[in-house]
Amino acid sequence: MKLKPSGSLKIDAFSMRIGAIEGVELDRLHALSLSVGWPHRAEDWQILRESGQGLVALDDIGRVLGSAMWFAHGAGFATVGMVITSPRLQTLGAGQWLMKRVFDNVVGRDLRLNATRAAKRLYLSLDFKPEKTVYQCQGIARATWAAKIDKPRGEVRRLWAEHLPAIIALDAAGFGVHRSALVEKLFDQSVGYGLFDEGALKAFALCRPFGRGHVIGPVMAEGDTDAIAVVRPHVADHSGSFLRVDTHMESGEFAAFLPHSGMPVFDTVLTMSLGKRLADFSVGGAATPRAYALASQTLG
């Protein structure tokens, strides 16, 4: 794709210019996400800035009117997220201008992102291909044991730093790309539970503060029973509080377990790819772990 974006964009009676996201105060980024109704706290923005790279669109007097970030893993893959433009600029080309600047920084990489309904047309125009629906499940968690779910083989235990290498390896198998630095950072912010069978880690779920409460993810497991086994302790830990899971699972025991635990589907977004598709990252095989929950819509 031959894209040569200019360094500025004329919008109505004023111009926008690009700035580095690292130099912008957190409260200004927080105000930007609030303007489009996103739940990110300033603390969530800080974790994202520590995990990836990004840019902002600034007007002539330095107001933040847009943002875009990318999170590189290895030499050939990146996720894209936090692509925001203020409401009055969404139909004036600002989003495409920002994305073309992102492309300048991710040359040669396969890309993946999660598109809101409002942004889908933008990404289609940039040759992203639709993949799978992400179901944003959230609500006030309730610990209930009424669901008839098979007991997993193995033991669910709390995860500690000594388990991090196994967590990183299982995440890479389920996600399809090694993202060691990101998983380590998320682990530092999270409480984790793992399913162990004869000493080997078979499944895990991390849970950390985010937005209105906590988010569970990533979750890697070989099947629904194992995924439920490592998510259920988090539901118990946060019973009566706001909890969220972002999942591609449309049906099955895991999908049914979430609303049963107080987290019905609240919204959906669409996973889209440029380059390799989701299936191209799958290792395959009956015992291959799957990503039952995203780390977040931004991180994948």
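The values are calculated or read from the model by the stated rules, or taken from the named source; none is laboratory data. All values derive from a computational prediction rather than experimental measurement. We place every Cβ from the backbone using ideal geometry, glycine too, and count neighbours over all the protein chains shown.
Any chance region 161-173 includes a residue that's outside the structural domain of residue 79 (by TED's automatic domain parsing), closer than 23 Å to residue 262 by Cα and among the aliphatic types (A, V, I, L, M)? No - not one qualifying residue is present in region 161-173.
Taking the criterion of being farther than 30 Å from residue 139 by Cβ and in a helix (DSSP H, G or I), the residues of region 18-76 that qualify are 21, 22, 23, 28. If the condition is being at negative phi and assigned to a strand (DSSP E or B), then region 77-89 contributes 77, 78, 79, 80, 81, 83, 84, 85. From the list 75, 57, 68, 94, the one residue that fits, being over 19 Å from residue 125 (Cβ atoms) and either in the same structural domain as residue 17 (by TED's automatic domain parsing) or touching a strand residue (DSSP E or B) at 6+ places or on another chain (Cβ under 8 Å) (or both), is 75.
The residues of region 141-170 that are surrounded by 14 or more Cβ atoms within 10 Å (Cβ to Cβ), over 18 Å from residue 206 (Cα atoms) and among the hydrophobic types (A, V, I, L, M, F, W, C) amount to a single one, 149. Residues of region 219-254 that are touching a Pro at 6+ places or on another chain (Cβ under 7 Å) and part of a helix (DSSP H, G or I): 225, 226, 229.
For first residues located in region 164-188 and more than 18 Å from residue 288 (Cβ to Cβ), partners that are of a type in the set (S, T, N, Q) and at pLDDT 95 or above and lie 6+ apart or on another chain with Cβ distances below 7 Å form the pairs 182/51; 185/51. Of all residues in region 59-110, those satisfying the criterion of being among the hydroxyl-bearing types (Ser, Thr, Tyr) and closer than 17 Å to residue 35 by Cα are 67, 85, 86, 91. For the structure I just gave you, tell me whether residue 267 is in the same structural domain as residue 171 (by TED's automatic domain parsing), outside any loop (DSSP other than H, G, I, E, B) and surrounded by fewer than 17 Cβ atoms within 10 Å (Cβ to Cβ). So residue 267 passes the test.
Can you list the strands (runs of 3 or more DSSP E) found entirely within region 98-176 that contain at least 1 residues being within 18 Å of the chain's Cα centre (by Cα) and modelled with pLDDT of 95 or more?
Output list reads 110-115, 129-140.
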